[in-house]
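Report on one structure; see the data block that follows.
The values are calculated or read from the model by the stated rules, or taken from the named source; none is laboratory data. Note that the structure is a prediction, hence the values are computed from the model and not measured. When we count neighbours, we look across all protein chains shown, and the Cβ atoms used for this are built from the backbone with ideal geometry, even at glycine.
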Amino acid sequence: MQKTGLVLSACARTWKSVRMASSGVARLNPLENKVALVTASTDGIGLAIAQRLAQDGARVVLSSRKQENVDRAVAALQGEGLSVTGTVCHVGKAEDRERLVATAVKLHGGVDILISNAAVNPVFGNIMDVTEEVWDKLWMGKEREESIKETMQIRRLGKPEDCAGIVSFLCSEDASYITGETVVVSGGTPSRL
């Protein structure tokens, strides 16, 4: 009986260490020494992604079309002690994209990760195209929200932070063997690509 208890105890300790490792508890700053560019990152999913990448150790350069949006987002994230800078960038303009990259190279010596809402020449290690639905226009009001949750059989609607964790994971070494995949963060809602 004592042997069985020892074996179960050892199994429990092993399982706990596996759970901790897979949850990131054992791996602090998985994106340390990485530089990330995140376009359209002063609100919504883009901001949540920029925040999470910085929390996970990356030095983040965020961008938006408007300087006041950049200033607001940079101040908020730097206020959390995160390594974040920003610049104005309209991703539809080649000169703005070039300036964004030049800013990252000047400040940090290069770019490791690009999170973009527009097609950009693939010259970096991790490139992701993140599509953000315009949730505020779709959900309009508590009654409509409740109807959608009931129809889709879900408890809550998605938040920008729901996408940030998977993006950080895909940028980390833990995902180094994943390539060319589409990951849908939909809370179980049927979707087609």
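Of the residues making up region 138-157, none is at pLDDT 85 or above, of a type in the set (A, V, I, L, M) and surrounded by 12 or more Cβ atoms within 10 Å (Cβ to Cβ).
When each of LEU6, LEU37, LEU28 is tested for being within 13 Å of SER168 (Cα to Cα), of a type outside the set (S, T, N, Q) and at pLDDT below 90, the lone residue that passes is LEU28. Selection of region 159-182 for residues being surrounded by fewer than 16 Cβ atoms within 10 Å (Cβ to Cβ) and either β-branched (Val, Ile, Thr) or assigned to a loop (DSSP other than H, G, I, E, B) (or both) yields LYS159, SER176, TYR177, ILE178, THR179, GLY180, GLU181, THR182. Within region 158-192, the residues that satisfy the criterion of being aliphatic (A, V, I, L, M) and modelled with pLDDT under 85 are VAL183, VAL184, VAL185. Taking the conditions exactly as written (modelled with pLDDT of 85 or more and either in a helix (DSSP H, G or I) or within 19 Å of the chain's Cα centre (by Cα) (or both)), does ALA48 satisfy them or not? Yes, satisfied. Say we look at region 103-126 and pick out the residues that are modelled with pLDDT under 80 and within 14 Å of ALA50 (Cα to Cα); which of these is surrounded by the fewest Cβ atoms within 10 Å (Cβ to Cβ)? Ranking the candidates gives ASN117 first.
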